[in-house]
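Enquirer: I'd like to ask some things about the structure below.
The values are calculated or read from the model by the stated rules, or taken from the named source; none is laboratory data. Keep in mind the model is a prediction, meaning the values are calculated, not measured. Reconstructed Cβ throughout: ideal geometry from the backbone, glycine too, with neighbour counts over all protein chains shown. Note: areas computed on protein heavy atoms with side chains; ligands, DNA, RNA excluded. Shrake-Rupley method; radii C 1.70, N 1.55, O 1.52, S 1.80 Å.
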Amino acid sequence: MKTGGNIIMFNRSGFWYISLVVAAYMIGVSNFWKFPALLMEYGLGGLLSYLFMIAVMVPLISTAMVSTKNRRYELVEFYNREFDTLGPAISFFLFDVLLLLYYPIVSGWFLKKLAPDELFPSSGWSVIALLLFFAVLTLTLSGGGNHIMDAMIVSLAMVFAALLVAGWILYSRIGAMGMTSVFKDQLLQALSWKGVSANMLVDTAKRAAYSVGIGMGFYLILGSFLSEKLSPFKVATVGVILDTLSGLLSAVIMIMAMSISASGGIQGREVVISTLPKTLEAIGMMTVLYFLYSAFFFAALSSMIPLGEVVTRVMMELSKKPLNPRRVPEFRRRSVLLIMSFTFLLGLSAVAVEAYTGLDVVKTLDTTVETFILFGAVLEVLGVPYGKGYIPRMLKISSYPGVISVFLLGMLAVWEMIAGQSLISLSILLIVLGVSLLPGKFWKKHLNK
């Protein structure tokens, strides 16, 4: 941080600034229900397993950033020059578009709970959420550069502020109701030892891989911005600490709510779209719900902004951005407007499909996303299995356990898709992964590369 007169300026290439950007990217909506649900189900063993897998993920994140740090590659350029293919970059493009559909639809649930049921149908709130998110994304991404990272850090600050305020209000009410001992008992139960099982190890490993956001292409883009003296490993470490802290804080808040409602536990997304609103409304604490849903909104936004940056940059590279630097900002604005409009229309189509067919679009996307991100992690650190020399030897060695783990978890997830007959999710996954496997000659022929 630099000070000049009365103006405080933050070094946007500094360690803490970049670390906060990474944390903002990692913290997503699922931190508020999936992490608490795992903690309640598996207890201390699940938490320790999760933390171990998080530690395994840190070298992968570091490797992804190191891959583009020294040569300042763009995403498409990186795969084109190092691996003679564009497939992985285009896979990230397709995958991140799917994720851009996911967050607004989930946020539509939250908006619906903040207003009378008769005001809009459920699908109406999803459309409003789509409009809100894509308007903010378009404005933010059009500015590029510092605007994007500044917006992410502001969103991160709002997430923690909303969580802390909600937690303080809720804890004060618990004390006033004389239920402090009940809350402490619930908390100790959540942190008790409940044994170790294969399901626990798999579930916590998947959750850890999903939570840190490896496998979406963003770390490769961020690496090209890092200064030479900045350590990707330290940046990733601070990011995962803050990400885990947000999950723990959310779990404590959910346990407070469950203590008041005498609920049997936290069961997936229902806790935030059903149980939690009913509990807070019953005790006259809707203010807490507003703060919590604000945290959900900003967490979704801070995750969507980097995904939007990935699809924008890939599109700009494939569209052959102008060589004249003065024309690049206008070219970027047109690219952002085009891709955001297209993705918004896809979102409207998804809402319509859910409204008229009853298909659970979020569950379908969720299954696809959680599986692809495991294979995407391998694509983002492709230099490890290829033995590329730009990765330091010790970092490469420490990345192998993570690469093997996410690949095996990905194969297991595909088998679960097949066994569960999740044919739509499986089809989407195979298409996106298939794109990454197409040879370089195919892309050069069809994209004039």
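Matching residues to (1) within 19 Å of the chain's Cα centre (by Cα); (2) under 25 Å from V202 (Cβ atoms); (3) outside any helix (DSSP H, G or I); (4) β-branched (V, I, T):
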| position | (1), (2), (3), (4) |
| --- | --- |
| G46 | no, yes, no, no |
| M53 | yes, yes, no, no |
| R72 | no, no, yes, no |
| R81 | no, no, no, no |
| L101 | yes, no, no, no |
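Enquirer: Out of S349, S335, report the one residue that is among the small types (G, A, S), open to solvent by less than 30 Å² (accessible area, probe 1.4 Å) and without any contact (Cβ under 8 Å) to a residue 24 or more places away in the chain.
Expert: Of S349, S335, the one residue that is among the small types (G, A, S), open to solvent by less than 30 Å² (accessible area, probe 1.4 Å) and without any contact (Cβ under 8 Å) to a residue 24 or more places away in the chain is S335.
Enquirer: Let me ask something else about it. Which one of these is open to solvent by 40 Å² or more (accessible area, probe 1.4 Å) and not hydroxyl-bearing (S, T, Y): A198, A236?
Expert: A198
Enquirer: Could I ask something else about it? May I ask you to say which residue of A151, A205, A135 is more than 19 Å from the chain's Cα centre (by Cα), at pLDDT 85 or above and of a type in the set (A, V, I, L, M, F, W, C)?
Expert: Going through A151, A205, A135 in turn, just one is more than 19 Å from the chain's Cα centre (by Cα), at pLDDT 85 or above and of a type in the set (A, V, I, L, M, F, W, C): A135.
Enquirer: Quick one: D243 ticks every box in (1) open to solvent by less than 10 Å² (accessible area, probe 1.4 Å); (2) at pLDDT below 75; (3) of a type in the set (D, E) except a single one, so which number is it?
Expert: Condition not satisfied by D243: (2).
Enquirer: Those residues that are open to solvent by 70 Å² or more (accessible area, probe 1.4 Å) and either aliphatic (A, V, I, L, M) or in contact with a Pro (Cβ under 6 Å, 6 or more places away or on another chain) (or both), I need them from the range 170-190; list them, please.
Expert: A176, M177, L188
Enquirer: Out of (1) open to solvent by less than 30 Å² (accessible area, probe 1.4 Å); (2) more than 29 Å from Y390 (Cα to Cα); (3) modelled with pLDDT under 95, what's the single condition that is false for E41?
Expert: Checking E41 against (1) open to solvent by less than 30 Å² (accessible area, probe 1.4 Å); (2) more than 29 Å from Y390 (Cα to Cα); (3) modelled with pLDDT under 95, the one that fails is (1).
Enquirer: Let me ask you something else. Among the helices (runs of 4 or more DSSP H) lying completely within the range 360-449, list those that include at least 1 residues that are surrounded by 21 or more Cβ atoms within 10 Å (Cβ to Cβ) and at pLDDT below 85.
Expert: Filter on the range 360-449 gives 361-380, 440-447.
Enquirer: Can you tell me which residue in the range 296-329 is most open to solvent (accessible area, probe 1.4 Å), limited to those that are outside any helix (DSSP H, G or I) and of a type in the set (S, T, N, Q)?
Expert: The extreme case among them is N324.
Enquirer: Quick check on my filter: what residues within the range 205-232 are crowded, with 24+ Cβ neighbours inside 10 Å and under 15 Å from V403 (Cβ atoms)?
Expert: If the condition is that a residue be crowded, with 24+ Cβ neighbours inside 10 Å and under 15 Å from V403 (Cβ atoms), then A208, A209, V212, I214, G215, Y219 are the ones that fit.
Enquirer: Just one of (1) surrounded by fewer than 21 Cβ atoms within 10 Å (Cβ to Cβ); (2) modelled with pLDDT of 80 or more trips up G265, so point out which.
Expert: Only one criterion in (1) surrounded by fewer than 21 Cβ atoms within 10 Å (Cβ to Cβ); (2) modelled with pLDDT of 80 or more is unmet by G265, namely (2).
Enquirer: Kindly list, by first and then second residue, each pair from a residue in the range 276-291 that is of a type in the set (D, E, K, R) and assigned to a helix (DSSP H, G or I) to a residue that is open to solvent by less than 80 Å² (accessible area, probe 1.4 Å) and at pLDDT below 75, limited to pairs with Cβ atoms under 9 Å and residues at least 6 apart or on different chains.
Expert: K278/S261
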